[in-house]
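Just below is one structure, and these are the notes that go with it.
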Amino acid sequence: MKKQEARNYGLKNRKNLTQSERIDKANRIYQQLVSKIQNAKCVGCYVSFGNEVDTHAIIDLCLALHKKICVPKVCGKTLQFYEIHSWQDLQEGYFHILEPITSHIVDLHCIDLMIVPLAAFDHQGNRCGYGKGFYDSVLQVCQRKIGIAYKEQMVDHIECDPWDVPLDEIYFA
């Protein structure tokens, strides 16, 4: 399936989930991730927005465990990740998504667990995002790349471009 078709399919199916289905599925995905987070030294994680898989519990766990947690900020055509120490380190930014207001940029090579949002994914670990290429610009240097999504966003196959970086694992419910 072409990326745009997969993106449309995944986003439509994600939007059609009820709020209670999204909460239940996000909780199940979180439970799958707990051991990965506990074993990581530095976690990169998106701050969920709209009907994405909610990452607030993931970020809260990292903060509670005193893990180094960093979240993205759009900078031109790429993302930079900044360490945060509380939710107070975030304010509304690009597309009304919470972004860090701290100044401590984290080197992508230091992030040993990157949690990535998805519009759609396939069984081979291929993903498509929202089409802006922000994550494609950083995934090549990340050590461990994990996508999280709802099973309703899965497609049989995504036709990838040479610059697309497959994920190591995808957790879904």
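Points to keep in mind about this one:
- FRET E, pair Thr78, Asp112, Förster distance 25 Å, beta-carbon r, rounded to 0.05: 0.80
- For the stretch 6-60, the per residue solvent-accessible surface stands at 51 Å², with DNA, RNA and ligands left out and a 1.4 Å probe.
- Gyration tensor verdict on the stretch 1-84 (Cα atoms; rounded if a/c is under 1.5, prolate if a/b is larger than b/c, oblate otherwise): oblate
- With every protein chain in place, the stretch 98-173: carbon and sulfur % of accessible area (1.4 Å): 52 percent
- 20 Å cut-off, amide nitrogen to a point 7 angstrom out along Ser20 Cα→Cβ, residues in the stretch 148-173: 150-152, 173
- All C-alpha pair distances within the stretch 45-113, sorted into 5 Å bins from zero, spread as 3, 17, 28, 29, 17, 5, 0 percent across the bins.
- D_trans [Stokes-Einstein, Kirkwood Rh over alpha-carbon pairs] for the stretch 106-173, 20 °C, 1.002 mPa s, µm² s⁻¹: 177 µm²/s
- Asp168 contributes an accessible area of around 70 Å² to the protein surface, as traced by a 1.4 Å probe with all chains present.
- Correct option for semi-axes √(5λ) of the Cα gyration tensor in Å [calculated from the coordinates] among [x] 37, 15, 14; [y] 24, 23, 15; [z] 23, 18, 16: [z]
- Accessible area (Å², 1.4 Å probe, nearest 10) - His85: 130 Å²
- Taking the stretch 50-114 and dividing mean pair separation by its residue count, relative contact order in percent (alpha carbons under 8 Å, at least six apart): 24 percent
- In terms of accessible area, using a 1.4 Å probe and ignoring ligands and nucleic acids, Val34, Val47 rank largest first as Val34, Val47.
The values are calculated or read from the model by the stated rules, or taken from the named source; none is laboratory data. Computed from a predicted structure; not experimentally measured. Here the Cβ is made from the backbone with ideal geometry for all residues, glycine too, and neighbour counts use every protein chain on show. Quick note on the areas: whole protein, heavy atoms, side chains included, nothing else; ligands and nucleic acids left out. Shrake-Rupley method; radii C 1.70, N 1.55, O 1.52, S 1.80 Å.
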